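Below: the structure, in structure tokens.
No value in this document is a laboratory result; all are computed from the given coordinates. These numbers come from a predicted model, not from an experiment. Using ideal geometry, Cβ is built from the backbone for each residue, glycine included, and neighbour counts are taken over all protein chains shown.
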Amino acid sequence: MKYFTKRIKTHYLLLDNQSDCVNVTSENTMDIQPKHHLEPKDIDKSLRMVVIDGLCSEVVVCLSSGAILVGAALLLGASNFQIGLLASFPTLCNLAQLFTIALMQRYPNRKVITVLSVFIAKIPLLLIGLVIWSNANLSFNILLSFMFIHYFLSAIGGAGWNSWIKDLVPEERLGSYFSKRTRIMQITNIAVSLVVASLVDYYTNDNPSGLTNLYGAYFFAAGSIGAVGAIFLIQATEPKQQMSGGNLGLLLLEPLKNKNFKNLLAFNAAWLLAINLAIPFFTVFMLKTLGLSMKSVILLSVISQIASVAGLRLWGNLSDRYSNKSIIYLTAPIYISCILLWIFVGIYSRALPNLILLVILHIMTGISTGGINLALTNIGLKLAPKTDAIVYITVKNMVASFFTAIGPILGGLLVDYFATRELQISISWKSPDLQSMGKLIYLHEWNFLFLIASILAFISLRWLGKVQENGEVSHQLVKRIMKKRFRAGLKESLLVGNIITLHSQLKQILKRKTMDDKSIK
């Protein structure tokens, strides 16, 4: 590591004193130095490399986190507390982003720091896979240690990546680029998740003895594919960053002095706290209260992701053409309504109405979530100034991580509080021939939580109104434009469809007329 940092320092001395020599050298070797000016071809190539790296990262997530990581932990005999601790690592390790800022103050090369961190972060995954394959005694504590190193190094690389991408992607292309990248990543996630889950189900039911080796293969593949992604990422070009020196603590206070960015932090914190009161408990509600199978829950999740992919192109184009705030104002009410409608899931005992409502909720949630996440990411990148962008983005990520983590904790406390409380409003009809009663509202432990979350999410939109965005357009105007385009597109499709089928329609009419004439004769 000392040798590596020494080489970086030497490169910067050469850049300052002998820039011509550096340029000649960079033609024959991979250029790891930041550039003051990027040509359009350099930007296009770099953005392609970032997409490929994103694909690899999504595969890593599918193979080494979520249900796969929990399944491996359970095989090692982990307790509920240990699984919860493991699940908290991605959030806790975001504190490592502070280390990234200090590191970049001394060695201002985001590309080297990011790629090196991301590459080394995959080594623990390879080691987990190798240990499982070798039938060695892999204890949960070893798994915990390896995953902590993986998440810690990934957080260091993630902070550098955010700052790097903020300068690399042209501002007018933020929406379209990230919507395209996210669509590709989500499609990959859907395909890989279905294959991964199917193999786990197969080995669990038909070949339990091979399940351990399957998990080993997953972790080893995750480490290998993640390392390949880092190789593609290093081929992307890094623009020269602008970063001030000085005390790290004072730098971290700068975003709080920026009134506009502070308003964004307030909205982001309130929104994430509100929705994370409910989101983690949707799956628990479906499994425990509704009694759905794991396959049904996974299928509903896939439906939601497909809906998100379908809507991302629209949100990306609108984000570039108008503003991210308008996208949030359009999608947030849909998302809040979906949370609120969870109150009515399970009111009736019949399975079909509940299933239909669940499918509708997952479709609408997927469409709205894609727009909200895209807009929140883009508006954070836009409002972060060129100078010290990494500081602003890091502070935003840390605030988001804190409130994302604290939301489920408060949600769990609320569920426990309302476990022995319920509110039921019903309507009844009595007559000599008929007596009937129907439930209008039935609130119990979970439904109280969904109601509180939707109210707090609606209140959080007040802070969004205080955020000022360049090129901001009223969401009412965007809504009118969307309606107009939808009607025009529908009319055009009907017109074009009639023109395309006009020949066959005339042919059918003539054929019918000929047959009628023959029958008359």
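The table below gives the values:
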quantity: Under 5 Å, built H, 5+ apart or other chain: amide partners of ALA236; calculated: none
quantity: Spacing of the two label points (7 Å from each Cα toward its C-beta) at LEU290 and TYR107, in nm; calculated: 5.0
quantity: Neighbour-count order for VAL399, VAL60, VAL169, fewest beta carbons within 10 angstrom listed first; calculated: VAL399, VAL169, VAL60
quantity: Order by protection proxy (mean Cβ within 10 Å, highest first), peptides 314-325, 100-111; calculated: 314-325, 100-111
quantity: Calculated FRET value between LYS466 and ASN247, using beta carbons and R₀ = 30 Å, to 0.05; calculated: 0.55
quantity: Per-residue Cβ neighbour rank within 10 angstrom, fewest leading, VAL51, VAL309; calculated: VAL51, VAL309
quantity: Sites SER431 and ILE334 - FRET efficiency at Förster radius 35 Å, r taken between beta-carbons, to 0.05; calculated: 0.30
quantity: Net lengthening on full extension, ALA351/SER145 (0.36 nm per residue, minus Cα-Cα); calculated: 69.8 nm
quantity: Separation in nanometres of the label points that stand 7 Å from Cα toward Cβ, at ASN373 and LYS180; calculated: 2.0
quantity: Additional length obtainable on full extension of the chain from SER198 to LYS259, 0.36 nm per residue less Cα span; calculated: 17.0 nm
quantity: Likely footprinting exposure, ARG313, ARG350, fewest C-beta neighbours within 10 Å first; calculated: ARG350, ARG313
quantity: Order by protection proxy (mean Cβ within 10 Å, highest first), peptides 221-231, 423-433, 453-463; calculated: 221-231, 453-463, 423-433
quantity: 3J(HN,Hα) from dihedral phi, region 58-63, Karplus parametrisation 6.51/-1.76/1.60, rounded to Hz, x for glycine, proline; calculated: 5, 5, 4, 4, 5, 8
quantity: Label-zone membership for region 158-191, site LYS386, 7 angstrom Cα→C-beta point, backbone N under 19 Å; calculated: 162-174
quantity: Of LYS35/LYS262; LYS41/LYS386; LYS295/LYS325; LYS35/LYS396; LYS45/LYS382; LYS41/LYS259, those spanning more than 28 Å from alpha-carbon to alpha-carbon; calculated: LYS35/LYS262; LYS295/LYS325; LYS41/LYS259
